[in-house]
1. If Ser90 passes every condition in (1) assigned to a loop (DSSP other than H, G, I, E, B); (2) in contact with a Gly (Cβ under 9 Å, 6 or more places away or on another chain) but one, which one does it miss?
2. Among the residues of the range 23-33, is there at least one that is within 14 Å of the chain's Cα centre (by Cα), of a type in the set (Gly, Ala, Ser) and at pLDDT below 80?
3. Among all residue pairs at least 6 apart or on different chains, which show Cβ distances below 6 Å where the first residue, located in the range 24-51, is over 14 Å from Thr71 (Cα atoms) and the second is outside any helix (DSSP H, G or I) and modelled with pLDDT of 80 or more?
4. Taking the range 76-92 on its own, how many of its residues are surrounded by 12 or more Cβ atoms within 10 Å (Cβ to Cβ) and either out of contact with any Ser or Thr (no Cβ under 6 Å at 6 or more places or on another chain) or among the polar types (S, T, N, Q) (or both)?
Amino acid sequence: MPIEIALTIFVLAIFVGFEVITKVPPSLHTPLMSGSNAISGITLVGSLVMAGSGHKALTTVLGLVAVIFATINVVGGFLVTHRMLGMYKSRK
């Protein structure tokens, strides 16, 4: 894929994501973000595939960086969800 098309798709995704997130009511923002963080586990799988593909050293390094950031995103999403669900538990 040419770099111009990839950058165009990236910029359009930024605008669409911004418009979608700003239209969500504040009460639904945290569950939506927690769900999207869980879905980003797909990013983790893709980065693991790229890190282990063994094409070039740069590919492996970028895959490793992607694994680290995707792991932080997924774990952070689950921690936020756990904390949010704890806020709704009834106290006995």
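The values are calculated or read from the model by the stated rules, or taken from the named source; none is laboratory data. Note that the structure is a prediction, hence the values are computed from the model and not measured. Positions of Cβ are generated from backbone atoms using ideal geometry, with glycine treated the same way; all protein chains shown enter the neighbour counts.
1. For Ser90, the exception is condition (2).
2. no
3. Final answer for the pair search is Leu32/Val24.
4. Residues flagged as surrounded by 12 or more Cβ atoms within 10 Å (Cβ to Cβ) and either out of contact with any Ser or Thr (no Cβ under 6 Å at 6 or more places or on another chain) or among the polar types (S, T, N, Q) (or both) within the range 76-92 amount to 4.
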